[in-house]
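Shown next, in structure tokens, is the structure this report addresses.
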Amino acid sequence: MAEKFEPVILGFLCNWCAYAGGDLAGVGRLQYPANMRAVRVMCSGMVHPDLVLEAFNRGADGVIMMG
Amino acid sequence: MIAIHVGQLARKLGVHRNTVTNWINSGKLKATATVGKKYLIDKNVFRIFCREYGISENILQELIGNETVPSKGDLPFTQNLNFNSKEVTMSAKPIGSVLVVGGGIAGMQATLDLANSGYFVHLVEKSSGIGGAMAQLDKTFPTNDCAM
Amino acid sequence: MSEVVDVSGEVGNFVVKVKKNPRYIDMEKCIACGLCAQKCPRKVDDEFNLGLNQRTSAYIKYGQSVPLKYAIDGETCIYLKRGKCKACEKFCPTSAINFEDQEEIVDLNVGAVILSPGFKPFDPSGFDFYGYGKIPDVVTSLEYERLLSSGGPCMGHLVRPSDHREPKSIAWIQCVGSRNTNRCENGYCSSVCCMYAIKEALVTAEHIAGEGLKQSIFYMDIRSHGKDFDRFYESAKAKGVRFVKARPHTIEAGQDNCGVTMRYAQEDGQVMIEHFDMAVLSIGLEPTTDVKQLADIFKLDLNQYRFAKTSDFSPACSNRPGVYVAGAFQTPKAIPRAVTEASTAAVEATTALIRSRGELTQQKIYPSERSIANEEVRIGVFICSCGINISGIINVDEVARYARSLPHVVHVENNLFSCSADTQEMMAKKIVEHSLNRIIIAACTPRTHEALFQETLQETGLNPYLVEMANIRNQNAWVHQREPEMATAKAKDQVRMAIAKAALSVPIERTKVNVIPKALVIGGGVAGMQTALSLADQNFETVLLEKSDRLGGNAWKVNTTDQGEAIRPYLESLIKRVETHSNIQVLKNASVTSAKGSVGNFSGTVQVNGGQREIAYGVAVLAIGGRESRPEEYLFGQDPRVITHLDLDAMLRDDPASLKKAQSIVFIQCVGSRDERRPYCSRICCTHSVKAVIHLKGLNPKMNVYVLYRDIRTYGEREDLYRKARDLGVLFISYGPERKPAVSLDGKDLTVKTYDPILRMPISIAVDHVVLAAAMEANDSHELTELYKCAANADGFLNEAHPKLRPVDMSVDGLFVAGLCNYPKPLNETIAQAKAAAARAAVILSQTEMTLDAIKSFVTDKCDGCALCLDVCPYRAIKLENYQAANGQGHFRIATDKALCKGCGLCSATCPKGGVYVHGFTMDQLRAQVVAALEDVA
Amino acid sequence: MTVESVKIGKERKSIFKDKVMQLLPDGGNLNACLTCGACASGCPATGLADMDPRRFLRMAAMGLDDQILKTEWVWNCTLCWRCIYVCPMKIDIPQLVYHARKSWPREERPKGIRASCDMALVNESCSAMGASGEDFRMVVEDVLEEVRASQPGWENLTAPINKAGAEFFLNQNSREPVTEPDEMVPLWKIMSTVGADWTYGTKGWAAENYCMFMADDENWERIVRIKAKAVDDLGCKYWVNTE
């Protein structure tokens, strides 16, 4: 078990701000760890609580909502 | 607007024609000279003038027959602007495209409105990208929204 | 990269010569990968960040540039200057570099021209006493914006230039290069600096953590004159920003050339010496340096400050027919007015060219859509290398191999550039060849490229919503450059997630609504009439409702515009044109009594002279106006010598002789404005007061006139009127809300008592008249906001959809707002906004049918009408209706209005039963993505 | 001189300010004040005599003529022009102060300035410290001799006096020859280094003019005329006044 802990993070990104910000980070070549998987949504308000629970049930170490 | 000739107005008012000319030249009676020694006088201006000089306003009624819709070139600067949208007289069919100079926030908005309502738009911008000064701002007041 | 060099012809038919400067990069080929900039060895000051950092000769202006295409700056490029280098050419993956690019002159044939060249920030180098350019920690406000910006040279971590430490105390100095006729020639107020200084202070407070941040704004008058601006100002005060009514004389460098030291006299005369870590000069706006040249080319009249000359009655029209102006080119203004007046200019142009609407534009026609209802899911995956942008980090072959192993996938291929025209053609062929019915594009971001691929699908007869993108460039290869293995693994996950979602995609129909080409304008004041006239001139049928029996509203009561143009003649001609226009139906004594429907398709009843009639219309413009309030203080209503501004205008019209006799008149500003009851600035009173005092001084130069004020807010070029009033000997005495003036009767004599902070003494003035700047208030909009489900702010002014970006649209699509009911504004701004409303309305009315975006909520069979979602919908797009279920039982169920819904999905997140979803983002689809993302996790 | 409150009748008169405005081009912009206080922030005399330039102008505008014509502050002002330099409206407060000084009876003006003015009128040297032309000559020659003897490289330094036809006629503030004679040397070195053809004069050599500061127009003019004549008598082309 010498392996480094790599958390699995699920992200819900609002199309109009956070997702656009994610794109901009790319244009600016800002570097960050590759641990997050993004789900694009039309508004962070559309994320049903069940989806967050689902993510944890399936083993996500963290869920990040960006909006 | 009413159209008058100096002599005609002088006769109506019962004064010498030079008096009328003097009034106009000194600015006491605001009138705009047009072709054929004809003058255009705003109705309201004339009414105020009459009041000031104790002249019966009935004269105005008599002159109403001279009322005219001003045409391009008949009007002083600001009036001309005022009627701008109506005054455009084009014999040939106009070209359905517009040139916008400057790609800042104003230029971009104008471009979008035009394109969305059925006109072809050429947007000319000096620098390599549009966005203008607003793109340089960090946030905007009073909502502190991101300027982008 | 272009500029106008010559123009000929006239309205309807101009020929404009435009010089296109060489870009040296082919826009068609450039994929914005940025390799040219990375490899370019030449470093130059970055003008976008005002030289605070450097860029290379191959560059984009900023990260979000539009077009997102690089350019080579011919002035500094080593190859173009010295004939050697071409590093960019060697590395460009698409051969987009073209050093043969030449300057080119093109002739454009256009019907009208809109000029919006913007402004130039004032250069304070000439003000030696502020030390700009010599003291490192003295910066301009625009430089400060860049220092704050996350896209700026400090990546959003504010540090001062001298020692790169976080500043803990910052001073702003207002009116640098504005309201100054001594060290520069800018006698006008730049209109925006007070507000941006406050904004910068508030944003700084968000940046700098911890206690002890000290922010001070040194000002002459705080001009927070726009909608909700005073609230912003008050909130800054509450958050600890210090406002000091003083002008420091000289800025000196602090110890070790870090920070600054300033000496200033407080209003009470006490001298303070204070150190700050940084000083920000709030610089004004000037016409651009080439404005004279532009004016010469177009034969335009400029005013004394070199702004475009316009009439208050037609603020977007230059002196040359067919040439219109917008933005700060006309006069210094903030973004909302620039956006509004851009629409004003647009409507002037469209009106001039009305006979040619639609002549040069065309609608694209697609083949009819193929039904996939009975097809099995057949997915095609296209993985883009983006030159080496993606394939340089991510192993695309491995991703492709992996994609082939996933369910439903029948075709996978790798493209060098998925977005190129030839790849699009190839893609269309593959769709047909393999009968693909879901498409995955693993490439860049859907925000820029989804529309392109949707179009490709449409051309093959597929529904455009059957494409799904996996963002493996912007949000993968570019941000994980040092971890190629992790990036490849992430790319596989992204593709798997996209496939999981796409498998559940169904065709979505873009709703179309027929547009009734008719407008309803509510309110017959200047705003309503101008809107109606502008729409009517564009051949749209317009119904104008006026509550009273007379058109004209407040304009009857005011004598002149801010520039001094007589309002009556304009008003009379406007009324005449409105009443005689064949496209306008004027209904007096009329009001709206019911309204239903949505954008393009409203209907309802109006009451006219007690009778009801039905009307249908595509858009509505709310221009219900406002009024001068009736003051409750300063003996108003008790002594006839205490009057309001409109009373004064009436006296100036009807009885100037009695005013001429007055020896002493006091004006009191902010009567009922900027207090607890109306915490906003009425915007127009300061200018009206200075205009009136000039008029009074003209009647009788010996008259003593005093203006008691809190801040004089003669923004923009109105500042000239303030200067003129002072030159005529009018005395302006400031007062604070804690020490208001008092009006009293000494026997028969009227006396005003106040305190002069400069004299530091109470003053009592014997007066003939007291003129009160009574607050402006909006007319009651309660019924209309109920009918149309739109909103007014806490002060009763109707709200725009967005204060900056959609200043004349309302939050309900198809509704627009103009004039005093939106916020107090002078006549020229009212006219501009009215015409802008017509421009925005015409965008809708000029279409026979409107296609709405397809991402909308929809109800499912599971809805049982619990109505939880009704309250959360921000757009009031959901209502309840009776529903007859298949089993014959009736119950409530929701119905969503496609025209109102914006697809945010708050409803679907709220619904406990899966009764409402959003197309393209259903619960199943989102869950599929979650499941797919976590598939490999134990 | 403190006033509790100001009462303004229907007719307000700012006679003093209006009179000054008539004398100045554009009225010295005296009405244009924005009360921003940049002048007061920079004025070395702010706070003295409970006064500052902004308050002074304000009192004039309000018609408090009695007070501004009596305040000793006008004599604290150094007429340095720092106020008008940064004023956004270019308001000529120094002129307002000057005219206020003028309104004082001569015998009531500050003793120091008055004595300096009177002293300058005693002989043709125009020195406010009363040093005569011959005294001046002796000090200059003495200092020059010492420099030549003690400072290597300056053996040929000159400080000409009454050199007819020199290009520049130089004035010297009396304080240097009388109290700090060595302070004159750097100027001579500069003149020598640039190779200027210059001279002092025994007549009208003193640079200062306290009659100007005292707002004594008549004697101010008299002193200027004496100095100008001295320049003309020697046939010099330029008159350099170091004040």
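The values are calculated or read from the model by the stated rules, or taken from the named source; none is laboratory data. Worth saying up front: this structure is predicted, and the values here are computed from it rather than measured. Note: ideal-geometry Cβ built from the backbone for every residue, glycine included; neighbour counts use all protein chains shown. Surface areas here come from the heavy atoms of the whole protein model, side chains and all, with no ligands, DNA or RNA. Shrake-Rupley method; radii C 1.70, N 1.55, O 1.52, S 1.80 Å.
Worth pointing out:
- C:Arg723 under 29 Å from the mean Cα position of the chain (by Cα), crowded, with 17+ Cβ neighbours inside 10 Å, modelled with pLDDT of 95 or more and assigned by TED's automatic domain parsing to the domain that holds C:Thr644: no
- Subset of the range C:660-698 (residues that are more than 14 Å from every other protein chain (Cβ to nearest Cβ), more than 26 Å from the chain's Cα centre (by Cα) and over 19 Å from D:Asn31 (Cα atoms)): C:Ile668, C:Gln669, C:Cys670, C:Val671, C:Gly672, C:Asp675, C:Glu676, C:Arg677, C:His688
- Among the residues making up the range C:57-92, those that are open to solvent by 40 Å² or more (accessible area, probe 1.4 Å), over 30 Å from C:Ala346 (Cβ atoms) and not in a helix (DSSP H, G or I) are C:Glu75, C:Gly83, C:Lys84, C:Cys85, C:Lys86.
- Of all residues in the range C:26-51 being facing chain B (nearest Cβ under 9 Å) and not in a loop (DSSP other than H, G, I, E, B), the one that is most open to solvent (accessible area, probe 1.4 Å): C:Glu47
- Number of the condition not met by D:Leu96 [criteria: (1) modelled with pLDDT of 95 or more; (2) farther than 30 Å from C:Val752 by Cα; (3) in a helix (DSSP H, G or I)]: (2)
- Taken residue by residue, the range C:853-864 has at least one member that is in contact (Cβ under 8 Å) with a residue 60 or more places away in the chain and open to solvent by less than 10 Å² (accessible area, probe 1.4 Å).
- Residue match in the range C:731-741 (condition: buried (at least 17 other Cβ atoms within 10 Å of the Cβ) and closer than 16 Å to C:Ile694 by Cα): yes
- The residues on offer are C:Thr488, C:Thr531, and the sole one that is outside the structural domain of C:Glu398 (by TED's automatic domain parsing) and farther than 30 Å from C:Ser857 by Cα is C:Thr531.
- The range C:235-250, subset within 11 Å of another protein chain (Cβ to nearest Cβ) and of a type outside the set (Ser, Thr, Tyr), residue most open to solvent (accessible area, probe 1.4 Å): C:Lys245
- Residues satisfying the stated conditions in the range C:579-596, i.e. more than 12 Å from chain B (Cβ to nearest Cβ), open to solvent by less than 50 Å² (accessible area, probe 1.4 Å) and not polar (S, T, N, Q): C:Ile584, C:Val586, C:Leu587, C:Ala590, C:Val592, C:Ala595
- Selection from the range D:68-82 of residues that are in contact (Cβ under 8 Å) with a residue 40 or more places away in the chain, under 18 Å from D:Arg106 (Cα atoms) and within 14 Å of chain C (Cβ to nearest Cβ): D:Ile68, D:Thr71
- Residues of the range C:630-665 that are among the small types (Gly, Ala, Ser), part of a loop (DSSP other than H, G, I, E, B) and open to solvent by 40 Å² or more (accessible area, probe 1.4 Å): C:Gly637 alone.
- Residue match in the range C:536-551 (condition: among the aliphatic types (A, V, I, L, M), outside any strand (DSSP E or B) and open to solvent by 40 Å² or more (accessible area, probe 1.4 Å)): no
- Filter result (outside any loop (DSSP other than H, G, I, E, B), farther than 22 Å from C:Lys512 by Cβ and either open to solvent by less than 60 Å² (accessible area, probe 1.4 Å) or not polar (S, T, N, Q) (or both)) within the range C:882-906: C:Tyr883, C:Gly890, C:His891, C:Phe892, C:Arg893, C:Ile894, C:Leu906
- Only one of the numbered conditions (1) assigned to a loop (DSSP other than H, G, I, E, B); (2) open to solvent by less than 20 Å² (accessible area, probe 1.4 Å) is violated by C:Ile114, and that is (1).
For (1) more than 14 Å from chain B (Cβ to nearest Cβ); (2) closer than 30 Å to C:Ile508 by Cα, each residue gets a yes or a no:
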position: C:Thr344; (1), (2): no, no
position: C:Thr351; (1), (2): no, no
position: C:Leu360; (1), (2): no, no
position: C:Glu369; (1), (2): yes, yes
position: C:Ile390; (1), (2): yes, no
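- Residues of the range D:131-180 that are exposed (fewer than 15 other Cβ atoms within 10 Å of the Cβ) and assigned to a helix (DSSP H, G or I): D:Glu134, D:Met138, D:Glu141, D:Asp142, D:Glu145, D:Glu146, D:Arg148, D:Ala149, D:Ser150, D:Thr179.
- Among the residues of the range D:83-96, the ones that are closer than 12 Å to D:Ser41 by Cα and at the interface with chain C (Cβ under 7 Å from one of its Cβ atoms) come to 2 in all.
- In the range C:52-72, the residue that is farthest from the other protein chains (Cβ to nearest Cβ) out of those that are over 29 Å from C:Cys384 (Cα atoms) and within 29 Å of the chain's Cα centre (by Cα) is C:Asn53.
- Residues of the range A:43-63 that turn out to be at the interface with chain C (Cβ under 8 Å from one of its Cβ atoms) and β-branched (Val, Ile, Thr), as a count: 1
- Where C:Thr714 falls short, out of the listed (1) among the hydroxyl-bearing types (Ser, Thr, Tyr); (2) within 13 Å of chain D (Cβ to nearest Cβ); (3) within 20 Å of C:Tyr823 (Cβ to Cβ); (4) surrounded by fewer than 23 Cβ atoms within 10 Å (Cβ to Cβ): (4)
- Taking the range C:490-504 as the range and being farther than 16 Å from C:Ser385 by Cα and either modelled with pLDDT under 95 or not acidic (Asp, Glu) (or both) as the test, the residues that pass are C:Arg496, C:Met497, C:Ala498, C:Ile499, C:Ala500, C:Lys501, C:Ala502, C:Ala503, C:Leu504.
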